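Visitor: Take this structure first; my questions come after.
Where a number appears in this text, it was derived from the coordinates with a stated rule and is not lab data. Computed from a predicted model, the values in this text were never measured in an experiment. Heads up, the Cβs are rebuilt from the backbone with ideal geometry, glycines too, and the neighbour counts pull from every protein chain shown.
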Amino acid sequence: MILRVVLIATVVLVEAATAYTATARATINSIDVNGVGPVIGSVTFKDTKYGLVVTPDISDLPVGVHGFHIHDKGACGLAEHEGKMKAGFAAGGHYDPEHTGKHLGPYSTGGHKGDLPVLVVGADGEATLPVLAPQLRVKDVRGRSLIIHAGEDNYSDQPEPLGGGGTRIACGVIE
Ligand SMILES: [Cu+2]
Ligand SMILES: [Zn+2]
């Protein structure tokens with residue numbers, strides 16, 4: 001009887017461990033040419049059977065749709081780009097472990113793995129709508145950074161490279 005209870009307890013523990021879903025978090029700061037600015041919110045990351053769910057809770061953003069990507073390095077500061085110090089360039093380029101060099105958005109398997117669905121900011125300047133990145137897991141993004149761009153993202157390198165989002169306006173290191 002005791003053996004049976006121990007066995008059942010073991011099975012329950014193993015199932016609990018298997019069902020555990022990995023999570024990560026990033027504190028988001030606004031960024032500009034002066035470097036890293038104030039905290040404007042946070043983002044949580046959670047593995048699901050459909051992929052990585054990225055849930056923002058961010059304020060003080062410009063209304064509309066914004067390019068939203070995992071960038072390679074876990075840093076949000078200034079770095080030189082084309083001869084100028086630019087906001088958030090310490091984060092490097094879009095996470096691209098296969099070295100595809102292509103910005104194709106979250107639903108293509110042939111491009112950057114760090115391309116997320118666009119971030120939607122409401123009229124109140126708040127972003128709370130989760131996005132799903134089917135090709136990513138928490139283990140891929142931890143230690144990298146999350147960047148929000150000033151402009152939109154058309155999931156293409158045409159007519160502008162990297163979806164056309166341009167200036168980096170907010171950033172967080174994923175922990
Ligand atoms: Cu980006
Ligand atoms: Zn990209």
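Visitor: Averaging sequence separations of C-alpha pairs under 8 Å and six or more residues apart, then dividing by the length of the chain, give the relative contact order as a whole percent.
Guide: On the way: 460 pairs, mean separation 46.4, N = 175.
Dividing the mean separation by the residue count of the chain yields 27 percent.
Visitor: How big is the stretch 31-121 on each of its three principal axes, counting only the C-alpha atoms and giving the largest first in Å?
Guide: Principal-axis extents of the Cα atoms in the stretch 31-121, largest first: 40, 31, 23 Å.
Visitor: Now a separate question. Arrange the following residues from fewest to most other Cβ atoms within 10 Å of their Cβ: Val131, Val141. Before the final figure, lay out the partial values.
Guide: Values: Val131 19, Val141 23.
In increasing order of surrounding Cβ atoms, one gets Val131, Val141.
Visitor: Continuing with this model, one more query. Let me have the 222 nm mean residue ellipticity of the chain computed from DSSP H runs of 4+ only, each contributing -39500 (n - 2.57), with the sum over all residues rounded to the nearest 500. Intermediate results must be reported in sequence, preceding the final value.
Guide: On the way: 2 runs with 22 residues, N = 175.
Per the formula, -4000 deg cm²/dmol.
Visitor: How far apart, in nanometres, would the label points at Val65 and Gln135 be if each is projected 7 angstrom from Cα along the Cα-to-Cβ direction?
Guide: 2.0
Visitor: Relative to the longest principal axis of the chain, what angle (0 to 90°, nearest 10) does the C-alpha long axis of helix 2-19 take?
Guide: The answer is roughly 10 degrees.
Visitor: Could you check the spin-label model distance between Glu98 and Asp157? Points 7 Å from the Cα along Cα→Cβ, value in nm.
Guide: Output for this residue pair reads 1.4 nm.
Visitor: Right, something else. Restrict the search to the stretch 45-117; then list the GluC sites (Glu not before Pro) that DSSP places in a loop and that have at most 14 other Cβ atoms within 10 Å of their Cβ.
Guide: Values: sites: Glu80, Glu82, Glu98; in loops: Glu82, Glu98.
Listed in order of number, the matching sites are Glu82, Glu98.
Visitor: Here's another thing I want to ask about it. Please give me, ordered by residue number, the chymotrypsin sites (Phe, Trp or Tyr not before Pro) of the stretch 71-110 that lie in loop per DSSP and have at most 14 other Cβ atoms within 10 Å. The partial results should precede the final answer.
Guide: On the way: sites: Phe89, Tyr95, Tyr107; in loops: Tyr95, Tyr107.
Qualifying residues, ordered by number: Tyr107.
Visitor: Under the √(5λ) rule applied to the eigenvalues of the Cα gyration tensor, what semi-axes describe the equivalent ellipsoid of the chain? Give them in Å, descending. All intermediate terms of the calculation are to be shown ahead of the outcome.
Guide: Numbers: eigenvalues 235, 63, 46 Å².
Three semi-axes, in Å: 34, 18, 15.
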